[in-house]
1. Of the listed peptides 370-377, 133-140, what is their order by residue-averaged count of other C-beta atoms within 10 Å, with the highest listed first?
2. Cα centroid distance between region 203-249 and region 252-290, in Å?
3. Expressed as a whole percent, how much of the Cα-Cα distance distribution for the chain exceeds 30 Å?
4. Which whole-number percent is the relative contact order of the chain (Cα, under 8 Å, 6+ apart)?
5. Please determine, in degrees from 0 to 90 and to the nearest 10, the orientation of helix 519-528 with respect to the longest principal axis defined by the Cα atoms of the chain, where the helix direction is its Cα long axis.
6. DSSP loop (so not H, G, I, E, B), at most 14 other Cβ within 10 Å: list which GluC sites (Glu not before Pro) in region 296-360 pass both filters.
7. Given labels modelled 7 Å from the Cα in the Cβ direction, how far is it in nm from N204 to R352?
8. List the trypsin sites (Lys or Arg not before Pro) in region 261-346 that DSSP assigns to loop (not H, G, I, E or B) and whose Cβ has at most 10 other Cβ atoms within 10 Å. Which are they?
Amino acid sequence: MAVGKGGAHLPFMRMNAGVVGRSGGRLLVLASIMTARPPDRLSAQCPDGSPPPCSRPVTAPPPTSVAVLYFDNLSGDTADAYLADGLTEELIVRLGRIDRITLASRTAVRRYRGRSIDNPQTLGRTLGVTYLVNGSVRRSASRLRVTVELVRAATGLRIWGDQYDRMDADLLAVQADIAEAVATPIAGRLAPGERASLAARPTNSPAAFDHFLRGNHYLLQRTPRSLSQAIEAYAAAGRLDPGFVAPLARSAFAYAVMVGSGLGYRGLAPESLLARGFRAADQALRRDSATSDGWTAWGFLTALREAQGFGSARAALERAISLDPRNAESHHMYGTVLLFSGHDSAAGVAARRALALEPDRAITLHGLGVNAFAGRRYGEARLWLDSAIAVDPAFYRSYAFRALVRLQLGDVVGARRDAAAAVQTGAGEALLGQGALAMVEVRAGDTLAARARVERLLSEAPSPTPWAGVQGWHAVAGALIALGDHERALDYLEQVRPRGPYLWFWLSTPEFDPIRQHPRLQRLIEEARPR
């Protein structure tokens, strides 16, 4: 169904009409993978006294808990890495259908990809599981060799293991066989319904499934090129099996990530990308109204489009959560929508639910840090941002915001170090890190350097638009205010269109306190206030 400026209509929900909303949701997108200075872990601790990352407390693992570690790619072609990753993630999905089994999240195990299991006891304690699954995949021509074993973490003893030599077209069957072989020693005798759930196939087309796995692999990387590759892989899967719903939902999410991060695709305008995303989400939900991924994508897209409120986005994400309460992405997105709607306490609850499912979600830890920063709870903000960086040392947005937190706490030296790390790790994302560094220079008394930096940013960067990333121009405006150029900062802010919840939220942060009572800022806040 075509999507116009007035919105689209689903048979079970009407989307609000209105102009296309602004992303601002760079909070929702993972940073590019680069190395950076590790955080100063000795100077901060979690609320329970432990070092970051702050997550749920360590307890004895449930007896039916398991972590499926990423399989090794032993193929001669490194391009086959998607196959090993895809087999791992689909095995996690299948085992997740058994309620009696507690699974470590994909985010948690992703940190250990490519590492040898020299100490299963330590790994089991770290992941909070009783069992570990590991294996390898080797493709040769059209044949696959999959080796897999189940290990009891506390003892390192092998409980079960097998090797599967099949044609690559048999991958779906191999996954089902492995899932049942792993589940039985962990959960005991499986009920017929559980066995049927493990054996269920999302598609009967091996080629379509292969393209779907490729798409998932690319989507995870979150780069402009990989997102384009993901969309193309999902499209190929859909052409091979038009009834395959999962690629439609994932491609809709990929389009939302593109818009939310200000990325382009084939020269299309953001509105066109949103239209494509909605079209894919609509098709997915028409074919299967119970797909949690479809509702999550639809909620994300709607949050990007809605100018004055997030009612439809919230309803869609609530639907996604009700369909799959273990979908951490849905909880995270719901918390983000609540945060930008002004419900900061409820946003924190939703984010903590996402972390309970996937403790190592850097993006969610970052969101909690931003929430605390906006609430002037700087000590708490520092803890969450420490945790985000501990989980992902390349997450440049957390370095930039930790620099702003350190400034509020009077730590100019630490703020400079973090702002420099944000610039180093955020290649291609100049505004946020450079804006933070300019604010640090002002505080350090080097206003000449700060002014030169801001002037360069203003001359090189595009005007602030809904699709350029709210946090970037937020930092530039903050630097102008720190320099005392209040009217110029307001001129810059007044260029932002539309004036909706994203603008409203960022104008509530501490950088704008020096002009909080200025009539022009108050007018902007009122125009952007969520309805």
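None of the figures in this text is laboratory data; all of them are computed from the coordinates on show. Small disclaimer: the values here were computed from a predicted structure and weren't measured. Methodologically, a virtual Cβ is constructed for each residue, glycine included, from the backbone with ideal geometry; neighbour enumeration extends over all protein chains shown.
1. Ranking, from highest mean packing down: 133-140, 370-377.
2. Using only Cα atoms, the two centres lie 14 Å from each other.
3. Values: 70166 of 140715 pairs.
Tail fraction, whole percent: 50.
4. Working: 1002 pairs, mean separation 88.3, N = 531.
Rounded, it is 17 percent for the chain.
5. Roughly 30 degrees, rounded to the nearest 10.
6. Sites meeting the loop and neighbour criteria: none at all.
7. Distance between the two pseudo-spin positions: 4.8 nm.
8. Values: sites: R266, R276, R279, R286, R287, R305, R314, R319, R326; in loops: R266, R326.
Within region 261-346, the qualifying trypsin sites (Lys or Arg not before Pro) (loop, at most 10 other Cβ atoms within 10 Å) are R266.
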